[in-house]
Amino acid sequence: MFPTAIEKTSKLTQTTYKAALPIAVLLWLLPLFAVALTSVRSIEDLNRGNFWGWPTSLNFVQNYTEVFTRSPMALFMLNSVIITLFAVAGTLILSCMAGYALAKYHFRGNLVLFSIFIAGNFVPFQILMIPVRTIMIDWIPLYDTVWALVLFHTAFQTGFCTLFMRNFIKQMPDALIEAARIEGITELKIFWHVVLPLVRPALAALAVLEFTFIWNDYFWSLVLVQSDEARPVTAGLQALKGQWLASWQLISAGSLIAAIPPVLIFFLMQRHFIAGLTLGATKE
Amino acid sequence: MAEVSLQNVRKSFGAVDVIKGVDLQVNDGEFCVFVGPSGCGKSTLLRMIAGLEEISSGELKIGGKDMTKVPPSNRGVAMVFQSYALYPHMSVEENIGFGLKMAKVPKADIEARVAYASKMLQLDTLRQRKPGQLSGGQRQRVAIGRAIVREPGVFLFDEPLSNLDAALRVQMRTELSQLHQDLKSTMIYVTHDQIEAMTMADKIVVLSAGLIEQVGSPLELYHRPKNLFVAQFIGSPKMNVVPAKVAAVSGDIAHVSVDGGSMLALPLRGGKVSVGDVVSLGIRPEHMSVSSEGVMQATVKLAERLGSETMLHLSGPGGAAIIVRSDGLASEKPGDVVALTMPAGCCHLFDAAGIAIVNGALI
């Protein structure tokens, strides 16, 4: 197995590893820690230049309340939830069906279609900015609504998810589906009763990955949404900037609030998340 | 009534012909085994009968009805797969009853049929288990149970025993034969194992490269093979074949000289040969014996002692490999030069193209 398990290496390597790991973790968490500290500082502290030291007063309640009173943070969160849930659901439904068709049905152009799904993943999304914005304004009048983001994320993420699902379903033995077919079970019922229950682990893993991807999106929230009514939390943080003075303590508090759902989802479904990253990478 | 008949059935994948015209009649209640080496098209032929592969041309009838273009579910067949193809997320009874449930069969009826099948297959105590908690043999039984509850006219088996270990395979073989006697349904069974074919079949179909080589009862194929392919495929260890030449023909007797000088007088029983023909002489290992009256000299290379019998591997005239089935306590050792008897009634003659000229006179 690669890499070699740490228990099997030399004493020196093990000691170095055990010493280096906490340091690396600390270094890595330091900015996050600073943000957390800043989120409870008072504005006076920041004005005095106390960015790294211990806060002179703990303004936890005041700062976190202010995030919700100074900006429509609750609305932003709600928007994010709507966008993420609908986009994740749409993506999973579409990619599961497309993946099944590409994996198990033999039809002309199957491979070409699959290649297009893969190729789509290589398109840098920035080049889509202007065309997508134009489409959302002129052709599908969803610009500046949460549905613009739902639609775009669903469309864009389906490419990756279809690739993922297709490869997962491809490993399922054909005989399972053929057995059902001989038993006279209709294609839709085969999908529902045989295929879906068996791809549940893959779906769970994808759901966690996609939740994180879509929730954390900032770029498209800027491109497709202008008003607060439709703004998700990532883009909404800028409302906390303050008019003349950067209110870092509020931005920090807002950022942490925005980060809670994906972090929560990650810890709740950690098992699936890691499974998702390595799924299909090795043979059992 | 569920007899299966194939008329000039062909299958091609693009330019590659896999089944090159098969005519076959499987009678109602018959246990028919398709046997042949890997890649001969036996599984493809079975899948065509099942409806999982399209029939490129020709006609398939099941129970007298044309089924060539009918979808698999309407053909009245049930299939047992090599990999069992059990639904991993369902328990044994859900697996067995799934097809019926989807077909909206009343619950009580499903329960009765599942109970009947699981009793028959000794699965009663395992009904709540998932396939992952079952042994290979038990999984195979569940797969068979799933076929039984559909009460099909024709059972199709695609190498169902090849994933089982040797002991279990022998046991399942007898269980399947028993099942066939109990159900009296038509069964078509694919295997590459000629022992399975010999032990279970009413009718064996030997296939090679997409064509039927011979159809017949196990003993018919064993004792009256139509060609060298069948002669060597059926039987283990396989039939010995020695190159030979027709030296003289007098009436119905051919005098055949085997490489190395020995001469045999074989009754032709209507077979036609001419002097000078190059032929192959075939004889099964159990029909040869070591004896001072033997007509062919050979050197023992290896003695495989199986207890009940000894397989003598010999090097015959011109280096031809010969196997003789001898007594378990046979005294021959490697290096011994022995003489082998070849009773005329057990010898087969094949022409240069491998077609049988004359078969032994045992049946």
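Listing for the model above:
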read-out	value
Anisotropy class of chain A from Cα gyration tensor, a/c 1.5 cut	oblate
Given charges at beta-carbon only (K, R positive; D, E negative), |dipole| of chain B in Debye	980
Farthest positive-ward along the protein assembly as shown dipole, Cα basis, beta-carbon charges - from B:235, B:91, B:76	B:91
Peptide-level mean, for A:181-194, of C-beta atoms on other protein chains within 10 Å	5
Separation of the residue B:102 and residue B:25 label points, Cα + 7 Å toward Cβ, nm	3.6
Gyration tensor verdict on chain B (Cα atoms; rounded if a/c is under 1.5, prolate if a/b is larger than b/c, oblate otherwise)	prolate
Charged-residue dipole, Cβ positions (Lys, Arg, Asp, Glu), the stretch B:36-167 about Cα centre, Debye nearest 20	300
Whole-Å distance, taken between Cα centres, linking the stretch A:102-180 and the stretch B:312-342	69
Ellipticity estimate at 222 nm from DSSP helix runs (n ≥ 4, -39,500 (n - 2.57)) divided over chain B, nearest 500	-7000 deg cm²/dmol
For residue B:204, residues with placed amide H under 5 Å, excluding near neighbours	B:33, B:216, B:217
Cross-link reach list, lysines versus residue A:8, counting only Cα pairs under 27 Å and skipping chain neighbours closer than eight places	A:18, A:283
Cβ-derived FRET efficiency at R0 25 Å, residue B:195 paired with residue B:295, nearest 0.05	0.20
Residue mean of other protein chain beta carbons inside 10 Å, B:73-84	3
Computed E for residue B:170/residue A:122 - FRET, C-beta separation, R0 56 angstrom, nearest 0.05	0.50
Most positive-pole-ward Cα, A:208, A:163, A:227, against dipole of the stretch A:152-240 from beta carbon charges	A:163
Linear extension gain, residue A:263 paired with residue A:189, 0.36 nm per residue minus alpha-carbon span	23.0 nm
21 Å Cα-Cα reach of residue B:301 towards lysines, excluding residues that sit fewer than 8 places from it in its own chain	B:238, B:333
The stretch A:215-258-the stretch B:12-72 distance, computed between alpha-carbon centres (Å)	66
Spin-label proximity, residue A:107 to the stretch A:157-184 - amide N less than 15 Å from point 7 Å beyond Cα toward beta carbon	none
Under 13 Å from the Cα of residue B:65 - aspartates and glutamates, other chains or at least 8 residues apart	B:3
Karplus 3J(HN,Hα) series, Hz, for the stretch B:176-188 with 6.51 cos²θ - 1.76 cosθ + 1.60 (x for Gly, Pro)	5, 4, 4, 4, 5, 5, 6, 8, 6, 8, 6, 10, 10
Cβ-derived FRET efficiency at R0 51 Å, residue B:59 paired with residue B:259, nearest 0.05	0.60
C-alpha long axis of helix B:92-102 to longest principal axis of chain B, angle in °	70
Length gained when the stretch residue A:238-residue A:200 is fully extended (0.36 nm per residue, less Cα-Cα span)	9.9 nm
Helix-only mean residue ellipticity at 222 nm for chain A, each DSSP H run of n ≥ 4 adding -39500 (n - 2.57), per residue, nearest 500	-21500 deg cm²/dmol
Under 5 Å, built H, 5+ apart or other chain: amide partners of residue B:357	B:349, B:350, B:351
Exceeding the 27 Å Cα-Cα cut-off - candidates B:20/B:61; A:170/B:107; B:101/B:203; A:104/B:11	A:170/B:107; B:101/B:203
Tensor-based shape of the stretch B:240-358 (alpha-carbon gyration tensor, a/c under 1.5 rounded, otherwise prolate or oblate)	prolate
Amide H contacts under 5 Å for residue B:18, placed H, 5+ residues apart	B:11, B:12, B:13
Average beta-carbon neighbours from other chains, 10 Å sphere, peptide A:171-179	6
Size of electric dipole in chain A: Cβ of Lys, Arg +1 and of Asp, Glu -1, about Cα centre, debye, nearest 20	660
Rg/Rg_ref, the stretch A:76-196, where Rg_ref = 2.2 N^0.38 Å and atoms are Cα	1.26
The protein assembly as shown, Cα convex hull volume normalised per residue, Å³	263
Positive-pole candidate from A:37, A:12, A:62, dipole of the stretch A:6-66, charges at beta carbon	A:12
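Rule-based calculations on the coordinates, nothing more; no lab input. Given the structure is predicted, the values throughout are model-derived calculations rather than measurements. So basically every Cβ, Gly included, is an ideal-geometry build from the backbone, and we count neighbours across all protein chains shown.
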